[in-house]
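Just so you know, all these numbers are worked out from the coordinates, no wet-lab data involved. A quick note: this is a predicted structure, and the numbers were derived from the prediction, not measured. Cβ atoms come from the backbone with ideal geometry, glycine included; neighbour counts cover every protein chain shown.
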Amino acid sequence: MANNVAIELKNVTKAFGGNFANRNVNMTVNRGEILSILGENGSGKTTLMNMIAGIYFPDSGQIFIDGKEVVIRSPKDAFDHKIGMIHQHFKLVDVFSATENIILGLQDEKKYNLKESAEKVLAISRQYGFDIDPQKKIHEMSVSEKQTVEIIKVLYRGADILILDEPTAVLTPQETQKLFAVLRRMREDGKSIIIITHKLHEVMALSDRVDVLRKGESVGTVITAETTEAELTELMVGQKVSLNIERSEPQNPVDRLVVTGLDCTDRDGVKLLNDVSFTARSGEILGIAGIAGSGQRELLEAIAGLQHVDKGEMIYNNPKTGTQDNLRDKTPMQIRELGVRLSFVPEDRLGMGLVGNMDIVDNMMLRSYRKGKSIFLERKAPKDLALRIIEDLQVVTPNENTPVRRLSGGNIQKILVGREIAAAPTVLMAAYPVRGLDIGASYTIYNLLNEQKQKGVAVIFVGEDLDVLLELCDRIMVIGSGAVTGIVDGRTATKEQIGLLMTKTTKEEADHE
């Protein structure tokens with residue numbers, strides 16, 4: 001087996017400001033193997049992979065490639081050792097073609113020859129089963145196509161060891177299956193593949209071995225065929241975790257928000273939402289599924305008053321006054337003054353949801369500063385809320401006065417979701433509230449959403465994991481290219497049914513199928 005080891009880490013350690021991200025981690029990846037890296041938020045998965053990829057440099061420890069110790073100080077060093085990393089957020093130039101992005105930055109004695117490069121791209125595509133147009137511009141591509149460009153980019157540079165960070169986060173089930181088929185062909189070709197993912201069913205379906213990290217240390221390596229999801233979760237968390245979402249039956253559902261014929265366009269006249277109609281009911285979770293960029297974000301922004309609406313109505317049935325209010329053309333503040341608590345957990349948590357340079361308490365105050373009775377800001381209630389969220393959601397932070405930008409992505413998300421739920425809304429809109437969260441924290445959020453449902457809140461949940469949507473939601477609305485392509489029962493629908501609806505662009509097209 002020693003001759004089969006592609007990369008080996010021995011006692012690799014990395015600390016930031018006295019806090020260990022990784023401590024004495026040992027890991028091996030074999031040729032022709034798919035290894036999954038599992039761990040809670042802040043367990044050091046991405047930091048460890050970033051050291052292999054040359055983005056960080058270890059404080060101590062050794063890295064061996066094919067049995068020889070190497071020093072990786074930069075991504076260029078990593079490429080020299082045939083290591084390539086495909087990040088969750090793509091690093092592509094929108095106005096360039098696939099081929100131009102793939103060869104961008106390559107140093108060669110010869111002049112660039114786009115025709116030769118495109119032929120090489122096609123050869124790689126045929127070898128592994130990719131579907132790509134080398135001439136297509138990035139801004140014209142789907143998320144799946146962009147990911148394909150990123151993978152081919154590292155293969156073009158001769159990578160034999162590939163690291164993929166959350167590769168299926170924004171893919172449909174059909175696209176995920178295509179990607180898995182490609183990765184299996186790479187494995188057969190002798191490539192070493194490392195995958196960071198939170199989706200346990202994908203780990204079980206794809207990987208050969210699983211390496212589990214907890215609090216920066218490796219706590220075990222298991223053969224996938226010899227383990228279960230429950231065992232992996234227990235290794236990650238250090239205790240047994242229930243992986244069941246308790247979905248209660250809706251109690252006395254009432255139409256809380258009725259959206260009819262909603263149209264939105266951007267500044268260039270491109271249609272973002274096309275004749276969207278649906279009803280969100282109290283005591284029910286309405287899931288929204290769709291390929292990334294299909295209009296989910298724009299829909300929630302329109303309801304929250306953040307997106308201009310060209311046509312249509314958004315009728316809110318006020319439970320306190322019994323009146324009906326049209327939310328269209330109202331500002332977010334006017335909507336709040338109506339008593340409509342549309343709590344919004346945005347996709348861009350630091351861009352829209354929180355201020356990175358402010359501490360946790362100050363970020364709580366962003367929701368309450370207008371309620372002050374004097375020129376001096378009231379800090380006790382926001383501080384109590386911050387402490388409660390830190391305790392209830394197990395936020396890893398030195399204290400409540402730590403700037404939010406210093407926290408891991410998952411802990412930022414916990415603060416944002418906790419603050420929004422604490423606003424006691426009548427309609428709670430949550431866009432990707434568990435994106436980047438570990439399995440334990442994710443189930444905490446699902447339980448919080450269920451608690452809101454049982455309190456009579458109308459919950460609108462935008463998710464990317466279809467297994468969760470099917471387990472959590474009472475009804476699921478599917479959006480494709482800004483239009484509703486179908487609304488299905490969460491208890492009886494299948495992943496395949498939703499996946500097909502996600503690829504359609506109109507309800508008529510979906511019905512025709």
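Net charge near Pro167, counting Lys/Arg +1 and Asp/Glu -1 over other residues with Cβ under 11 Å of its Cβ?
Numbers: positive: Lys199; negative: Glu150, Asp165, Glu166, Glu175, Glu202.
With Lys, Arg at +1 and Asp, Glu at -1, the neighbours total -4.
Looking at the chain alone, DSSP beta bridges between its own residues are antiparallel in about 55 percent of cases.
3J(HN,Hα) couplings calculated from phi for region 472-482 with the Karplus curve 6.51 cos²θ - 1.76 cosθ + 1.60 (θ = phi - 60°) are, in sequence order, 9, 8, 7, 9, 10, 9, 9, 10, x, 6, x Hz; Gly and Pro show x.
Charging the Cβ of each Asp and Glu at -1 and of each Lys and Arg at +1, and nothing else, the dipole of region 2-237 about its Cα centre rounds to 460 debye. Placing unit charges on the Cβ atoms of the charged side chains and taking the dipole of region 2-237 about its Cα centre, the candidate lying farthest along the positive direction among Ala169, Ser144, Leu200 is Ser144. Basic side chains Lys and Arg get +1 at the Cβ, acidic Asp and Glu get -1 at the Cβ, and with that the dipole of the chain about its Cα centre reaches some 1320 debye. For a straight C-alpha distance cut-off of 14 angstrom, the aspartates and glutamates reachable from Lys271 (same-chain residues fewer than eight places away being disregarded) are Asp263, Glu298, Asp310. Neighbours of Ile223, meaning other residues whose beta-carbon lies under 13 angstrom from its beta-carbon, give a summed charge of -4 when Lys and Arg score +1 and Asp and Glu score -1. Listed by chain and number, the lysines placed with their C-alpha closer than 17 angstrom to that of Lys120 are Lys110, Lys111, Lys136, Lys153; residues fewer than eight positions away on the same chain are left out.
For region 2-237, what is Rg from Cα atoms divided by 2.2 N^0.38 Å, rounded to two decimals? Show your work: numbers first, answer last.
Numbers: Rg = 17.7 Å, N = 236, 2.2 N^0.38 = 17.5 Å.
Cα-based Rg divided by the globular estimate yields 1.01.
The mean sequence distance of close C-alpha pairs (under 8 Å, at least 6 residues apart), as a share of the length of the chain, puts its relative contact order at 15 percent.
Under the convention that each Lys and Arg Cβ holds +1 and each Asp and Glu Cβ holds -1, the size of the dipole of region 1-49 around its Cα centre is about 120 debye. The residue among Leu179, Ile415, Gln324 whose Cα reaches farthest toward the positive pole of the charge dipole of the chain, with charges on the beta-carbon of Lys, Arg, Asp and Glu, is Ile415.
Taking Cα pairs under 8 Å and at least six residues apart, what relative contact order does region 30-135 come out at, in percent?
Numbers: 66 pairs, mean separation 17.3, N = 106.
Relative contact order for region 30-135 comes out at 16 percent.
Could you calculate the contour length gain from Val270 to Ala292, that is, 0.36 nm times the residue separation minus the distance between their Cα atoms, to one decimal place in nm? Before the final figure, lay out the partial values.
Values: separation 22, 0.36 × 22 = 7.92 nm, distance 1.68 nm.
Result: 6.2 nm gained on full extension.
Can you give the extra length, in nm with one decimal, that the chain gains between Lys68 and Tyr112 once fully stretched, where that is 0.36 nm per residue apart less the Cα-Cα distance?
Values: separation 44, 0.36 × 44 = 15.84 nm, distance 3.37 nm.
12.5 nm is the gain from fully extending Lys68 to Tyr112.
Over all projection directions, the Cα-based convex hull of region 36-125 averages an area of 8.4 nm².
Using a 10 Å cut-off on Cβ atoms, rank the peptides 44-53, 178-187 from the highest mean neighbour count down.
On the way: 44-53: 24.3, 178-187: 17.4.
In decreasing order of mean packing, 44-53, 178-187 become 44-53, 178-187.
Here are some pairs, Lys146/Lys199; Lys146/Lys311; Lys82/Lys146; Lys320/Lys453; Lys10/Lys191; which of them have Cα atoms lying more than 27 Å apart in this structure? It would help to have the intermediate numbers written out before the result.
Values: Lys146/Lys199 21 Å; Lys146/Lys311 33 Å; Lys82/Lys146 21 Å; Lys320/Lys453 18 Å; Lys10/Lys191 21 Å.
Table pairs above 27 Å Cα-Cα are Lys146/Lys311.
Each peptide in 224-230, 19-25 was scored by the mean count of other Cβ atoms within 10 Å over its residues; highest first, the order is 19-25, 224-230.
Its convex hull of Cα atoms gives region 201-292 a direction-averaged projected area, equal to a quarter of the hull surface, of 11.0 nm². Go ahead and run the numbers for FRET between Asn24 and Lys76, Cβ-Cβ distance against an R0 of 30 Å, rounding to 0.05. With a Förster radius of 30 Å, E is 0.65. Averaging 1/r over each pair of different alpha-carbon atoms in the chain and inverting the result gives 24.6 Å, the Kirkwood hydrodynamic radius. If r is the Cβ-Cβ distance from Asp94 to Gln127 and R0 is 30 Å, what FRET efficiency results, to the nearest 0.05? Result of the calculation: an efficiency of 0.65. In order along region 415-422, the Karplus-derived 3J(HN,Hα) couplings, from 6.51 cos²θ - 1.76 cosθ + 1.60 at θ = phi - 60°, round to 5, 5, 5, x, 5, 5, 5, 5 Hz, and Gly and Pro are given as x.
Near Gly261, within a Cβ-to-Cβ distance under 12 Å, what is the net charge of the other residues, with Lys and Arg +1 and Asp and Glu -1? Write out the running numbers ahead of the final one.
Working: positive: Lys311, Arg328; negative: Asp263, Asp275, Asp310, Glu313.
Neighbour charge sum, excluding Gly261 itself: -2.
Close amide H contacts of Gly287 (hydrogens built in the peptide plane, cut-off under 5 Å, sequence separation of 5 or more or a different chain): Phe461, Asp474, Arg475, Ile476, Met477. Amide H contacts under 5 Å for Thr426: Arg341, restricted to partners 5 or more places along the chain or on a different chain, H placed in the peptide plane at 1.01 Å from N.
Along the axis of the charge dipole computed for the chain (Cβ charges of +1 for Lys and Arg, -1 for Asp and Glu, origin at the Cα centre), the listed residues Asn274, Asn399, Ile102 are led at the positive end by Asn399. Annotation: amide H of Arg256 within the under-5 Å range of Ala280, Arg281, Ser282, sequence separation 5 or more or interchain, hydrogens built in the peptide plane.
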